[in-house]
Ligand SMILES: Cc1cc2nc3c(=O)[nH]c(=O)nc-3n(C[C@H](O)[C@H](O)[C@H](O)COP(=O)(O)OP(=O)(O)OC[C@H]3O[C@@H](n4cnc5c(N)ncnc54)[C@H](O)[C@@H]3O)c2cc1C
Ligand SMILES: Cc1cc2nc3c(=O)[nH]c(=O)nc-3n(C[C@H](O)[C@H](O)[C@H](O)COP(=O)(O)OP(=O)(O)OC[C@H]3O[C@@H](n4cnc5c(N)ncnc54)[C@H](O)[C@@H]3O)c2cc1C
């Protein structure tokens, strides 16, 4: 098998490859082409039928499938063992994973064993050269891993000059998902699980599992009405739902609003929530702390409704409505109904 | 059954409250102006450890932190809340570590500590924000990990049962001991300081703090051994120089940019009816809404 390709770890649940994995394939395709290497993907689980049809259109050249009853649901050691042992054979130059509960559990374990660097929560991935400032040694075509740190107050570019694979995790919604070629065909390589995992790897037992499909889909909504701590109560959040229903929008929230119990966690936008890029973002009673802005700054148009004219979010807003949201939001509803056909 | 519990904790700059006074003229943050605090999720981990101690009398909770000598501040804080003691792994050669070098160094310290039943840590630190150190320590020690823990449901017969909080649900898992458990911020808050413990331990000091103390306080440390906080060096934990600090870190920071917000062209309106109606009409006309 040829080596030094770029590989994406796929998350697979309920017969579907996770969006974050498809987003990484989209990015991975661009990076692999730029490097002149193959885009590979690996899926590990129980029943893996249909994965190839889902991922080949994203430009996957080779899909590794590792199937065993015990490999679903995900547990840390067996999935790590597969990646560690496979990576020793195929020596990928880079590996991308979702910055999800799975990716952030798996990535560190694999990187620790292979002694390869891992960069968390990247917001951009590029290919570029690097010169070591101390030794002057030059490195060509490294993966430049760009990520916010320090609570979002800085953005760092991180490289792994010497160790392979260069590993990075990326949050859902940060990269765009785009079909590369609907007719693209790669090859499928079925691997024998027993060659990669041993019985001792199955140490952690899952006793109970409640996975709820989130009905809330703020990520793909073109309009988001987001509420912050300034909304004041669960009851007032209803007002935002009214505006959202009127506009055909979804309701999002800041962490302070979620922490205060005004709305559910699945609506949280920002560094530790979802990243969104809607056409219109209406921020109601949100001050605009950096961790929140990190998740919505790419919105095309931002309206801020805040009674503090100096709220930080106003500096990135296209329209600022200075006033109490309890008054402004009903007026928006009223005048939308009046003027739309 | 009594347990030897290790809690991993990090002293971090308070990146959550970067107020105006912590901003420099150019709009970037002045890190030196940020107070150093106990990493929030490590306090959630400490609480889980103290609950285990409550339910397993005779257990000990030991804090382990790698950082500057001043990190003994968080050890005292943990002792005030119920921990038994702590170790600061501190050495110039440990500086500049990425998560891999950090977890190697901490794993060496755990090995030096020896007999342990369970290691608890926070999910993530609020400065590096990676959530990588816990799983990497587990791998280095060759033991299982349970991440995103919200509650330790049971610990008996050499196994621990934990409820995990995932992005779209919950999972209950059971792992053999010893293992590493990283605790989520959604777990219960840490209990407050205990006034009696504050009285008893407020003069606790590490060797690097002790040298600066008055003769009287030094004498107190000699008289009461429990007031002596431990400091360990890289050599003391048999750390391989090639695997620690900057040289032992595969990731290198190539560039750092401060995030500065520049104001966009923006229209400011009031909550006056006519202005709001105009805005709504404009958004309908340019197809932003409707
Ligand atoms: C701008 C910037 C970006 C960085 N990006 C990366 C990166 O992408 N990849 C990388 O490998 N490194 C990175 N680092 C380095 C990393 O921040 C440090 O290695 C850090 O000491 C440990 O990582 P963390 O803060 O992310 O901890 P986390 O992994 O988030 O911490 C998880 C838990 O581990 C325990 N823990 C962590 N550190 C300690 C400690 N010193 N003592 C005791 N317990 C501890 C705590 O229980 C903590 O809650 C970066 C550093 C900077 C300044
Ligand atoms: C590691 C880390 C990760 C984080 N991740 C996230 C994240 O993913 N997402 C996130 O959002 N936050 C996150 N935070 C928290 C973030 O720092 C802020 O605390 C949070 O975003 C503040 O929310 P807020 O703007 O709703 O509340 P506040 O800062 O309290 O702002 C409330 C605003 O409402 C305005 N207001 C009050 N009353 C009214 C009224 N009647 N009408 C109109 N306006 C009114 C006020 O003027 C103020 O501007 C994170 C923090 C940390 C440390």
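The values are calculated or read from the model by the stated rules, or taken from the named source; none is laboratory data. Here the structure is a predicted model, which is why all the values come from computation and not from measurement. With ideal geometry, Cβ positions are generated from the backbone for all residues, glycine too; neighbour counts draw on all protein chains shown.
Data for the structure
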{"read-out": "Of residues in the range B:110-162 being more than 19 Å from the chain's Cα centre (by Cα) and part of a strand (DSSP E or B), the one farthest from residue A:146 (Cα to Cα)", "value": "B:156"}
{"read-out": "Any chance residue A:174 is more than 22 Å from the chain's Cα centre (by Cα) and either modelled with pLDDT of 95 or more or in the same structural domain as residue A:87 (by TED's automatic domain parsing) (or both)", "value": "no"}
{"read-out": "Residue ranges of strands (runs of 3 or more DSSP E) in the range A:184-296 with at least 3 members loosely packed, with under 14 Cβ neighbours inside 10 Å, without any contact (Cβ under 8 Å) to a residue 60 or more places away in the chain and outside the structural domain of residue A:49 (by TED's automatic domain parsing)", "value": "A:205-211"}
{"read-out": "Test: residue B:118 is at pLDDT 95 or above, crowded, with 23+ Cβ neighbours inside 10 Å, more than 7 Å from every other protein chain (Cβ to nearest Cβ) and away from ligand 1 (no atom under 11 Å from the Cβ)", "value": "yes"}
{"read-out": "Scan of the range B:179-202 for residues that are out of contact with any strand residue (DSSP E or B) (no Cβ under 6 Å at 6 or more places or on another chain) and part of a loop (DSSP other than H, G, I, E, B), ordered by number", "value": "B:185, B:188, B:189, B:190, B:191, B:192, B:193, B:194, B:202"}
{"read-out": "Residue in the range A:118-126 that is surrounded by fewer than 17 Cβ atoms within 10 Å (Cβ to Cβ), in contact with a strand residue (DSSP E or B) (Cβ under 9 Å, 6 or more places away or on another chain), modelled with pLDDT of 95 or more and outside any helix (DSSP H, G or I) present", "value": "yes"}
{"read-out": "Output for the range B:31-50, where each listed residue is more than 14 Å from the chain's Cα centre (by Cα) and not in a helix (DSSP H, G or I)", "value": "B:34, B:35"}
{"read-out": "Residue match in the range B:146-153 (condition: free of Cβ contacts under 8 Å to residues at least 12 places away in the same chain and within 14 Å of chain A (Cβ to nearest Cβ))", "value": "no"}
{"read-out": "Residues that are touching a residue at least 40 places away in the same chain (Cβ under 8 Å) and crowded, with 22+ Cβ neighbours inside 10 Å, drawn from the range B:156-177", "value": "B:160"}
{"read-out": "Filtered residues of the range B:203-236 (kept if outside any helix (DSSP H, G or I) and surrounded by fewer than 12 Cβ atoms within 10 Å (Cβ to Cβ))", "value": "B:211, B:212, B:214, B:235"}
{"read-out": "Test: residue in the range A:304-321 that is more than 16 Å from residue A:247 (Cβ to Cβ) and under 16 Å from the mean Cα position of the chain (by Cα)", "value": "no"}
{"read-out": "Residue among B:251, B:270 that alone is in contact with a strand residue (DSSP E or B) (Cβ under 7 Å, 6 or more places away or on another chain), under 30 Å from residue B:111 (Cβ atoms), surrounded by 13 or more Cβ atoms within 10 Å (Cβ to Cβ) and within 14 Å of chain A (Cβ to nearest Cβ)", "value": "B:251"}
{"read-out": "Extreme residue, farthest from residue A:147 (Cα to Cα), among residues of the range A:274-297 that are near ligand 2 (Cβ under 6 Å from one of its atoms) and at the interface with another protein chain (Cβ under 10 Å from one of its Cβ atoms)", "value": "A:289"}
{"read-out": "Members of the range B:236-246 that are over 21 Å from residue B:112 (Cβ atoms) and over 21 Å from the mean Cα position of the chain (by Cα)", "value": "none"}
